[in-house]
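The values are calculated or read from the model by the stated rules, or taken from the named source; none is laboratory data. Values in this document were obtained by computation on a predicted structure and should not be read as measured data. A quick note on method: Cβ atoms are made from the backbone with ideal geometry, for glycine too, and the neighbour counts reach across all protein chains shown. Side chains are part of the model used for accessible areas, which takes the heavy atoms of the whole protein and leaves out ligands, DNA and RNA. Shrake-Rupley method; radii C 1.70, N 1.55, O 1.52, S 1.80 Å.
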Amino acid sequence: MQRFINLFSIFFVLNVCAQSPGPVLTKENIPEVIAAMTPAEKVGLLVGVGWIPPGEGVMKKASGVAGRTMSIPRLGIPSIALADGPAGLRITPHPEGASHPYFCTAFPTATALAATWNPALVEQVGAAMGNETREYGVDIILTPALNIQRDLLCGRNFEYYSEDPHVSGKMAAAMVRGIQSQGVGTSIKHYAANNQETNRETINAVISQRALREIYLRGFEIAVKESEPWTVMSAYNRLNGYYASERYDLLTTVLREEWGFDGLVMSDWKGGRDAVAQMNAGNDLLMPGRYQYEELIQALADHTLDEKVLDRNVERLLELILKTPAYSNYDFSTLPDLEAHSAVSRQAATEAVVLLKNRGVLPLEKEARHIALFGKSSYEFITGGTGAGEVNYKKAVSIKEGLQNAGISIDDDLEQFYMRFIDSVKLHAKEPVEWWFPKKYVVAYAQEPIVPSHVIEEQAAISDLAIITIGRSSGEGWDRTDDTYFRLSDREKDLIHRCSTTFHAKGKEVIVVLNIGGAIETSSWQDDSDAIVLVWQSGQQGGNALVDIVTGKVTPSGKLPITFPVLYSDVPSSESFPGDPIDNPVHSIYKEGIYVGYRYFDTFDIPVSYEFGYGLSYTQFEYSDIRLNGEILEDNLEISFEITNCGKVSGKEIAQLYIKAPTERIDKPLKELKGFVKTGLLKPGESQRMTLKIGIKDLASFWSGVDAWIADKGTYLIEIGASSKDIRLKHPFVLSRDVMVEKVSDCLYPNVKIESSLPKR
Ligand code: BGC
């Protein structure tokens, strides 16, 4: 009864005040506006308006967004709209009453974008995405996602950039800068350690302080410091015992006090359990919200929540709102330049393509004019993954269409064979039970059809060569498995093998195209192929992008931002993924510590299929004349070197800077990436001098006992590589004394003992 009276009186106050006008929000009067707000208004603002079914309610303006905040008209506070996501804006394409469809551009997935190693291009993609966000009346786009690709089975890896925090941080920063240049906000997510989908809303990620600081937080730190995102989204999972969204040390001590973040933190959708703890931790906004309203009102009444905490969080939300198009009443057009954005998507998709293998078949000879096109994904391109990372685009260019656009014919009979199969899969698809497995993706998840041998023989007789596309999809809400994602199915291997035998018998070649979101197994079948081209899930222009590469219109310049291991069991986390107990995990213990990706494979000398940073070109590059601007590192060190195109066609090269540090006092990976740079388009014979800078923090390791980043004195080796294994230039330098680079707070320690799973060295 008492509770009812309290709630009633607060609602009463809200209603009375709601009628009285107050100060209208401006940059100058935030404290005054907060003072004029009722507690219920404050709570109402800090919990979103709840789930909004697509097309319902508030719309015309941005239908189908993921969430909104409440408006308070009497104080001039508008509602702001927040929409996904990483590969393009996700809104409803056909809102009620609209005079034309609201399509958005599907850009390459984050992993594909990272494969360009071209932050300037990623910034351009961001600007296009930001423009669509603004022109469709959305204020914040819930991207970029930059969790580390710890285990290749994580279902959302395609939304994340890399296994390496430096690449992840730089790419995310570029994306934020691009999007925010359009006057809309971003949300870097999921902070932190949302590295699996299995039990993502409850799983306890148990991570050493060192691995957290060096691997799982580092990308966020780079992005926060280099791009000032308007918002951060806290992760669903627990981290070392507590929900990420309820950890003051994570959301305030580290994020704000140490890194200087001054934006807003929002929860992931229904993330965390204790709304009061979230408010106190500095998780300012609860999304999609509403159901926590009573709990917070009650906590205020019970004095278990201090109104000052609400004031602090409201202040951050108002500061955010002031920056939005909603506040300035921006007259959005609903007519972004989709054609121009599609061109940006094509350019990014083309630069993302990684040539894994080439026995001289690529670029295609001009005479190769009739192609036998195998594999269902050749006809229905997988543009991206499912869930928050989906985009409602108008049209995607398939590989078949890409070839035809370039004047290359594909065999009609074979096309008919695949189209009959695709139609029948679609016809017989059941309505899915889970939202993250939409019907429109049934083809991507279907088994390859069995192609009769006589069909392959006919094709080998009449075609110039074969292209076989292997496709994979995955998505939010579930993790992939070794046998359905990583390894090829018997049918896929059999198709490659039979094509290879039959075409090779006729002296014709077989190219395998990988339309995938993350690493798959290649070592058991790659001998059957003459070339392997990794096109990723590269958005709506994927087919054209692939063809630009195979025809030689564009020289491939993408490199891997992840490792392709030989076996899944070679991945250091495979033993503990997705957690313990295996069938319904509670804890996910990161037993491999800092040894993620190439840091592990290189240090422990585990063979891989394709290493981190790898990618072939149609031309060759020579690296020469490395110079350092000093021998002894005191503050910043500048490293420059020359890259020359010594081949026969124009191309771009990506150079990577690794550091090998002394290991007398603390164990370290064999080498770590601390910089990268991409040349411009170099003509044959042309050279470019490249310059990279490293700072003292790039030499430092995180010492848990002393809570500090420390750079050890000793000799360091700079390695400039065309990949993590293909090192072209080396230069040592000396740090003459130990340097305590940064002292930080003692926090985020594991609540469960971590027994290392690493082999002895
Ligand atoms: C995802 C977020 C997404 C949000 C809103 C959540 O389930 O984890 O990445 O931004 O939904 O759609």
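Key figures
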quantity: Residue check, ASP311 part of a loop (DSSP other than H, G, I, E, B) and either open to solvent by 40 Å² or more (accessible area, probe 1.4 Å) or among the hydroxyl-bearing types (Ser, Thr, Tyr) (or both); calculated: no
quantity: Qualifying residue in region 747-761 (condition: open to solvent by less than 70 Å² (accessible area, probe 1.4 Å), in contact with a Phe, Trp or Tyr (Cβ under 7 Å, 6 or more places away or on another chain) and outside any loop (DSSP other than H, G, I, E, B)); calculated: no
quantity: Filter pass, TRP230 being within 24 Å of ALA110 (Cβ to Cβ), within 15 Å of the ligand (Cβ to nearest atom) and surrounded by fewer than 24 Cβ atoms within 10 Å (Cβ to Cβ); calculated: yes
quantity: Any chance LEU362 is outside any loop (DSSP other than H, G, I, E, B) and either modelled with pLDDT under 95 or in contact with a strand residue (DSSP E or B) (Cβ under 8 Å, 6 or more places away or on another chain) (or both); calculated: no
quantity: Within region 186-215, tally of residues that are part of a helix (DSSP H, G or I) and open to solvent by 10 Å² or more (accessible area, probe 1.4 Å); calculated: 4
quantity: Exclusive hit being away from the ligand (no atom under 16 Å from the Cβ) and open to solvent by less than 10 Å² (accessible area, probe 1.4 Å), set GLY183, GLY137, GLY155; calculated: GLY137
quantity: Conditions (1) of a type outside the set (D, E, K, R); (2) modelled with pLDDT of 95 or more; (3) part of a loop (DSSP other than H, G, I, E, B); number of the one not met by LEU717; calculated: (3)
quantity: Failed item, numbered, when VAL425 is tested on (1) closer than 30 Å to ASP84 by Cβ; (2) modelled with pLDDT of 95 or more; (3) in contact with a helix residue (DSSP H, G or I) (Cβ under 6 Å, 6 or more places away or on another chain); calculated: (2)
quantity: Residue count for region 496-547, restricted to those that are open to solvent by 10 Å² or more (accessible area, probe 1.4 Å) and of a type in the set (Ser, Thr, Tyr); calculated: 4
quantity: Complete set of residues in region 672-691 that are open to solvent by 20 Å² or more (accessible area, probe 1.4 Å) and within 28 Å of the chain's Cα centre (by Cα); calculated: GLU672, LYS674, PHE676, VAL677, LYS678, GLY680, LEU681, THR691
quantity: THR383, sole failed condition from (1) assigned to a helix (DSSP H, G or I); (2) crowded, with 19+ Cβ neighbours inside 10 Å; (3) at pLDDT 95 or above; calculated: (1)
quantity: Qualifying residue in region 113-122 (condition: open to solvent by 10 Å² or more (accessible area, probe 1.4 Å), touching a helix residue (DSSP H, G or I) at 6+ places or on another chain (Cβ under 9 Å) and either within 15 Å of the ligand (Cβ to nearest atom) or aliphatic (A, V, I, L, M) (or both)); calculated: yes
quantity: Any chance SER569 is closer than 23 Å to TYR242 by Cα and part of a helix (DSSP H, G or I); calculated: no
quantity: Unique residue being open to solvent by 10 Å² or more (accessible area, probe 1.4 Å), on the phi > 0 side of the Ramachandran plot and more than 16 Å from the ligand (Cβ to nearest atom) when the list is GLY375, GLY407; calculated: GLY407
quantity: Count - residues of region 69-88 that are of a type outside the set (S, T, N, Q) and within 16 Å of the ligand (Cβ to nearest atom); calculated: 9
quantity: GLU390 of a type in the set (Asp, Glu), open to solvent by 10 Å² or more (accessible area, probe 1.4 Å), within 30 Å of GLU132 (Cβ to Cβ) and away from the ligand (no atom under 16 Å from the Cβ); calculated: no
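Rundown of residues vs (1) touching a strand residue (DSSP E or B) at 6+ places or on another chain (Cβ under 7 Å); (2) assigned to a helix (DSSP H, G or I); (3) surrounded by 24 or more Cβ atoms within 10 Å (Cβ to Cβ); (4) β-branched (Val, Ile, Thr), yes/no style:
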| site | (1), (2), (3), (4) |
| --- | --- |
| LEU251 | yes, yes, yes, no |
| ARG256 | no, yes, no, no |
| THR304 | no, no, no, yes |
| LEU317 | yes, yes, no, no |
